[in-house]
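The values are calculated or read from the model by the stated rules, or taken from the named source; none is laboratory data. From a predicted model like this one, the values you see are computed outputs, not experimental measurements. Positions of Cβ are backbone-derived with ideal geometry, glycine not excepted, and every protein chain shown enters the neighbour counts.
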């Protein structure tokens, strides 16, 4: 399908910011399941494009002039496919995605949970599906209940969270079971304008014959066709659409507005 995407991010500050640097993962990833037909980024300051360590297209945005606001707008059209698995794992070996991170380190509770879910499941795809369903059932979706710095262990203990928490718990449990897994940021088309169009899910490595399987834990299904992939990484911090630092400004207010449609007219 063709996904027409418009994503505006706006930061407003209490006081003047002297200098800011933002790392942007706002360009669709080049892989076997999608291709950009058009894509544009508009922002203040200077942008340096590069391919990061995970094979993502990233931009380093530097604003050296004093400012009270940053507005970043991306829009374009991405064609996606029904491909469930991929071998385009980027420059890193899948084994690099076995190492725990601060946000995805499994505790004893997650290890026990993963073992109980997967102990009698042999087929690789069935294992990925069973784990996604179990994580979604264990961590009830509830918006506004978590922060970007919350760990998989905290989300699992609280029993509620958002798509980012689902992805982190799934990744922690998969790695605890010996399956490499990585975080994915991007967009989803649901057909419902009231649904959040920004989304997070996970890739899990199912062996050389299958490759990476994309799993939308929040919806308990493979992430295909109606998904646009922006970036992958070990966790949220590696694949966040916008992440940065600044000098000055005091408090800040961030607003994001994302629209995803099948046609430009629907936007």
Give the residues of the range 104-140 that are over 18 Å from residue 206 (Cβ atoms) and in contact with a strand residue (DSSP E or B) (Cβ under 7 Å, 6 or more places away or on another chain), sorted by residue number.
139, 140
Among the residues of the range 178-197, write down those that are surrounded by fewer than 19 Cβ atoms within 10 Å (Cβ to Cβ) and touching a helix residue (DSSP H, G or I) at 6+ places or on another chain (Cβ under 9 Å).
178, 193, 196
Answer with yes or no whether residue 143 is in the same structural domain as residue 110 (by TED's automatic domain parsing) and not in a strand (DSSP E or B).
yes
Looking at the range 103-117, is at least one residue surrounded by fewer than 15 Cβ atoms within 10 Å (Cβ to Cβ) and in a loop (DSSP other than H, G, I, E, B)?
no
The range 21-90: strands (runs of 3 or more DSSP E) wholly inside it with 3 or more residues that are surrounded by fewer than 16 Cβ atoms within 10 Å (Cβ to Cβ) are 34-42, 46-51, 67-80
Within the range 146-155, is even one residue at pLDDT 95 or above, more than 30 Å from residue 1 (Cα to Cα) and in contact with a strand residue (DSSP E or B) (Cβ under 8 Å, 6 or more places away or on another chain)?
yes
Take the residues of the range 151-169 that are more than 13 Å from the chain's Cα centre (by Cα) and touching a residue at least 24 places away in the same chain (Cβ under 8 Å): which is surrounded by the fewest Cβ atoms within 10 Å (Cβ to Cβ)?
157
